[in-house]
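The values are calculated or read from the model by the stated rules, or taken from the named source; none is laboratory data. Computed from a predicted model, the values in this text were never measured in an experiment. When we count neighbours, we look across all protein chains shown, and the Cβ atoms used for this are built from the backbone with ideal geometry, even at glycine. We work out accessible area using only protein heavy atoms, side chains counted, and drop any ligands, DNA or RNA first. Shrake-Rupley method; radii C 1.70, N 1.55, O 1.52, S 1.80 Å.
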Amino acid sequence: MPLHPQTADFLRTLAAWTAPPPGTGVRAEPTIEEMRARLGEAFPAVRRELPQVRDLAVRRPGGSVPVRLYRPAPPGRGPLPAIVYLHGGGWVLGGVEDVDAACRDLAAATGCVVLNVGYRLAPEHPFPAAVDDSWAVVASVAREPERYGVLPGAVAVAGDSAGGNLAAAAALLARDHGVPLVHQLLVYPVTDTAMDTPSWRRYASGYGLDAGTLARFMRLYRGGADPSDFRLAPLRARDLAGAAPATVITAEYDILRDEGEAYARRLAAAGVPVELRRYDGVVHAFFLLPEIFDAGVRAMDFAVRRLRAAFGARTREGTWHGQRAV
């Protein structure tokens, strides 16, 4: 379908935000430091209050991973299911603060504990640092649920974009290590290193997520790693059987659309219960911007319903209304 009017407005705002100052000519490619400094400036989000939000650290070999824990009920209410959330940003940008609002919304709507993971970023920490950090948190929550106020055996993993890539990799690692996960929510995930799908070519420029930028990030993150390593390219895993049931969300005008949908098909072919939903007329990032995209509201509602169904009766009632409130 044609670009939704909300998408056209979003792209105009994004173009104005990234344009060079008047009279300065063509803007040089920004540095990673410049991109990090400006992330989140254009579309700030309001953050809802929750009964408990606290920062903690999860041990990993050689150090620790910063994590922000959101609890939608007072600690005395007993253990709740948990969602480990992995942010996007091409493994190079982003952090806990950039998905703080979305994680608060997810906790409130699902009635689950949400753990927002501050994994290490490239180029300072190339592959497999990010996936190692993500797995360390997933494994810790699954194996030490009492530490986090989590119900034993009630852990899901979720992520958007590069975070969807890390979530898919973590789900395969969980299968391989005998750690049961209830669900994996993959929002427009990176699933391959080939960067050669029809959607990659068709929407390479002018649709928010630029193919050249993501290719640059991929090079910084991948380094000299094998491009077929399943932790880097889940789509290339030899076998997906036994992975956690999945929800895959894609956007029509997104370079990552085809590889996300290909991963959903491979999961289904391997016997993994999966539901794929494409949102037409929108671009990458719509899921995290419900203030801008009505489709973002619908997608979050869909994700919440899928997660609540996966956890069954173990979640308390929660409702997503598409509005963030202080």
Mean 1/r over all different Cα pairs, inverted: what Kirkwood radius does the range 134-285 give, in Å?
-> 15.7 Å
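Classify the range 72-161 as rounded, prolate or oblate, taking a ≥ b ≥ c as the square roots of the eigenvalues of its Cα gyration tensor: rounded when a/c is under 1.5, otherwise prolate if a/b is larger than b/c and oblate if not. Write out the running numbers ahead of the final one.
Working: a/c = 2.78, a/b = 1.61, b/c = 1.73.
Verdict is oblate for the range 72-161.
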Added length on full extension, which subtracts the Cα-Cα distance from 0.36 nm per residue, Ala241 to Glu146 | 31.3 nm
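Could you work out the mean projected area of the convex hull around the alpha carbons of the chain, in square nanometres to one decimal?
Numbers: hull surface 64.1 nm².
With every direction weighted equally, the projected area is 16.0 nm².
Rolling a 1.4 angstrom probe over the protein heavy atoms, how many square angstrom per residue are accessible across the chain? Don't skip to the end; give the middle numbers.
Details: 13150 Å² over 326 residues.
The answer is 40 Å² per residue.
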In nm, the gap between the two label points placed 7 Å beyond Cα toward Cβ at Asp196 and Arg265 is 1.7 nm
Would you please put 130-138, 161-169 in order of how densely packed they are, using the mean number of other Cβ atoms within 10 angstrom per residue and starting with the highest?
-> 161-169, 130-138
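Would you work out what percent of the accessible area of the chain, with all protein chains in place, is carbon or sulfur (probe 1.4 Å)? Don't skip to the end; give the middle numbers.
On the way: 7040 of 13150 Å².
With neighbouring chains kept in place, the figure for the chain is 54 percent.
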Based on DSSP, what percent of beta bridges with both residues in the chain are antiparallel, to the nearest 5?
-> 30 percent
Candidates Ala73, Ala16, Ala264; GNM for the chain (alpha-carbon contacts under 10 Å) flags as most fluctuating Ala16
